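Asks: Can you read through this structure? Questions will come right after.
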Amino acid sequence: MQEILTALTTAAGTGGICFLIFKVWFEKACAKQLETHKSQLSRDNELEIAIFKHKLELAAAERTVRYSKIFEHTAEVIATTYAKLLTLKDAADEYTQPLQPSDPKREELAKTYGEKAADFMRYFLPNKIYIPRETSEIIRVLSNTLHRAALQFSMAIAD
C-alpha cells in the first residue's frame with residue numbers, strides 16, 4: 001500500500017510539475033502569439049493611416065487645383081467685365097457728344113452704344129457670380145447710370 005501511495009504521490013507530483021511546465025509553455029506561447037498579433041495590428045494601422053493621409057493629400061491637391069481654376073476664371077471674368085464696361089463707357093461718351101441733331105453719325109453712334117450695352121449685359125449678368133457682391137453692385141449701378149445718361153440724352157435731342 002505504501003508503494004501505491006508513493007506511486008500516486010509521485011504521479012501527482014509529476015502531473016503537477018507537468019501541469020506547471022505546460023502552463024508556463026502555454027502562457028509563453030500565448031504571449032508570443034499576442035505579441036505577433038499586436039505587431040501585425042500596429043503595421044496594419046500604420047499602413048491604413050498612411051493610405052488615409054495619402055488620400056487626404058490627394059483631396060487637398062484636387063481642391064487646390066479646383067480653387068486655382070476658379071480663381072483663374074474669376075480673374076478672367078473681372079478683366080473681361082472691366083474691358084466691356086470701358087467699351088460701354090466709351091460708346092456712351094461718344095454717343096452723348098454734342099453733334100448736330102441731323103448729323104448722320106448720330107444714328108450710328110446710338111446703334112453702337114446699344115450694341116455695346118447689350119453685349120455688356122449679356123456677359124455681365126451670367127458672370128457676376130464670380131465678382132464680389134459689393135463690386136458687382138457698383139458695376140450694376142455704373143452701367144445703369146450710363147444707360148440712364150444715354151437715355152436722357154436721347155430724349156433731349158429728340159425734343
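Asks: Mind ranking 55-64, 111-120, 78-87 by how tightly packed they are, going by the mean number of other C-beta atoms within 10 angstrom, highest first?
Replies: Averaged packing, sorted descending, gives the order 111-120, 78-87, 55-64.
Asks: If you don't mind, another one. What accessible area per residue, rounded to a whole number of Å², is obtained for the chain using a probe radius of 1.4 Å?
Replies: 80
Asks: Once Lys and Arg get +1 and Asp and Glu get -1 on their Cβ, which of THR112, ALA79, GLN97 lies farthest toward the positive end of the dipole of segment 63-114?
Replies: Comparing the listed Cα positions along the dipole, ALA79 ranks first.
Asks: I need the Debye-formula profile for segment 28-95: one equal scatterer per C-alpha, no solvent, reported as log10 I(q)/I(0) at q = 0.12, 0.25, 0.29 1/Å, two decimals.
Replies: -0.62, -0.99, -1.07
Asks: Treating only the Cβ of Lys, Arg, Asp and Glu as charged (+1, +1, -1, -1), what charge dipole size does the chain show about its Cα centre? Round to the nearest 20 debye.
Replies: Computed charge dipole of the chain: roughly 340 debye.
Asks: Okay, next question. Set the Förster radius R0 to 30 Å, insert the Cβ-Cβ distance between VAL141 and SER68 as r into 1/(1 + (r/R0)^6), and round the FRET efficiency to 0.05.
Replies: It comes to 0.45.
Asks: Please compute the modelled spin-label separation between GLN97 and ASN45, points set 7 Å along Cα→Cβ, answer in nm with one decimal.
Replies: Rounded to a tenth, the inter-label distance reads 8.0 nm.
Asks: For segment 58-108, just list the percent of Cα-Cα distances falling in each 10 Å bin from zero outward, please.
Replies: Spelled out bin by bin, segment 58-108 gives 22, 25, 18, 14, 11, 7, 2 percent.
Asks: Taking the Cβ-Cβ separation of TYR130 and PHE52 as r and a Förster radius of 22 Å, what is the calculated FRET efficiency to the nearest 0.05?
Replies: 0.05
Asks: Take the Cα gyration tensor of the chain, multiply each eigenvalue by 5, square-root it, and list the three semi-axes largest first, rounded to whole angstrom.
Replies: Semi-axis lengths for the chain are 98, 12, 8 Å.
Asks: I need the helices of the chain that pass two filters: whole DSSP H segments spanning 18 Å or more by Cα along the axis, and mean Kyte-Doolittle score no lower than 0.0.
Replies: Long hydrophobic helices here: 133-158.
Asks: For the chain, what does the relative contact order come out to in percent, with C-alpha contacts under 8 Å and a separation of six or more?
Replies: Computed over the chain, the figure is 23 percent.
Asks: Another question, then. What value in Å³ per residue do you get for the convex hull of the alpha-carbon atoms in segment 45-84?
Replies: Taking the convex hull of the Cα positions in segment 45-84, it is 24 Å³ per residue.
Asks: Still on this structure: Of PHE124, PHE52, which has the most accessible area with a 1.4 Å probe, and how do the rest follow in descending order?
Replies: PHE52, PHE124
Asks: To the nearest 500 deg cm²/dmol, what mean residue ellipticity at 222 nm is calculated for the chain from DSSP H runs of n ≥ 4 alone, each contributing -39,500 (n - 2.57), summed and divided by the residues?
Replies: Value at 222 nm, helices only: -33500 deg cm²/dmol.
Asks: Can you figure out the FRET efficiency of TYR82 with GLN152, using R₀ = 30 Å and their beta-carbon distance, to the nearest 0.05?
Replies: Here the calculated transfer efficiency is 0.75.
The values are calculated or read from the model by the stated rules, or taken from the named source; none is laboratory data. All of these numbers come straight from a predicted model, not from anything done at the bench. Don't worry about glycine lacking a Cβ; one is built from the backbone with ideal geometry, like all the others, and counts go over all protein chains shown. When the accessible area is computed, the model is the full protein with side chains, heavy atoms only, and any ligands, DNA or RNA have been set aside. Shrake-Rupley method; radii C 1.70, N 1.55, O 1.52, S 1.80 Å.
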